[in-house]
Amino acid sequence: MAGIGLFFGYGCQNHGVPANPNATSFGTAFTDSIGIPAGEAFKNADSLRQTLVLSGKVANVCQAEGCWFNLNLDSNRLLFVDFDHKFTVPKNLGGKEVLVQGSFYRDTISVEKQKHLAEDAGKPKSEIDLITAPKIELNFRAQGVKVISAAKP
């Protein structure tokens, strides 16, 4: 899973605007109604330096505050999406199709942070003890999010 946002997120230290659970847009408004599929964009992320719009299905959302979510890239990979503490999304956004406007960025995750997240995810101590080096991951920072469909079975 190298280079992919952690599936259990980064912990919430958000002080953004709380999400209105009935809204369909969050953060900065944008007019695009079509996005690049997240999995396709991720493959070319190193050449995509500008702001772009991704489309994808939300896998899971921060259940503390709604301050991040993961987009499905394919059947076994996720992309971590955060909002730079500017806004939140509803905690029940999982399973919904969304458009996200923003840009890719690389983030270095410290050993301490990785261990904290592994503990939060309930990983065994033996696995946590194997974390000994910082990790660089490719993530996505969204300025705006639009819900384009309800959850599908």
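Laboratory data are not the source of any read-out in this text; all were calculated from the coordinates shown. For clarity, every value in this text was computed on a predicted model and none was experimentally measured. In this analysis, Cβ positions are derived from the backbone assuming ideal geometry, glycine residues included, and neighbour counts consider all displayed protein chains.
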* Coarse-grained scattering of the stretch 41-117 at q = 0.15, 0.16 Å⁻¹, given as base-10 log I(q)/I(0) from a Debye sum over alpha-carbon atoms -> -0.57, -0.66
* In order through the stretch 99-104: 3J(HN,Hα) via Karplus (6.51 cos²θ - 1.76 cosθ + 1.60), integer Hz, x for Gly, Pro -> 10, 10, 9, x, 8, 6
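Give, in nm to one decimal, the length gained when the segment between Asp84 and Ile36 is fully stretched (0.36 nm per residue of separation minus the Cα-Cα distance). Let's see the in-between values first.
On the way: separation 48, 0.36 × 48 = 17.28 nm, distance 2.15 nm.
Full extension of this stretch gives 15.1 nm more.
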* **the stretch 72-153: relative contact order in percent, alpha carbon pairs under 8 Å with at least 6 residues between** => 49
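Listed highest first by mean packing, meaning other Cβ atoms within 10 Å per residue, what order do 137-145, 37-45, 58-66 come in? Let's see the in-between values first.
On the way: 137-145: 20.6, 37-45: 16.9, 58-66: 18.9.
Per-residue Cβ counts within 10 Å, averaged per peptide and sorted highest first, yield 137-145, 58-66, 37-45.
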* Structure fact -> Karplus-derived 3J(HN,Hα) from phi for the stretch 137-142 (6.51 cos²θ - 1.76 cosθ + 1.60, θ = phi - 60°), whole Hz, x at Gly and Pro, runs 10, 9, 10, 10, 9, 9
* To do: Going by C-beta contacts inside 10 Å, put Ser25, Ser110 in order with the fewest on the left.
  => Ser110, Ser25
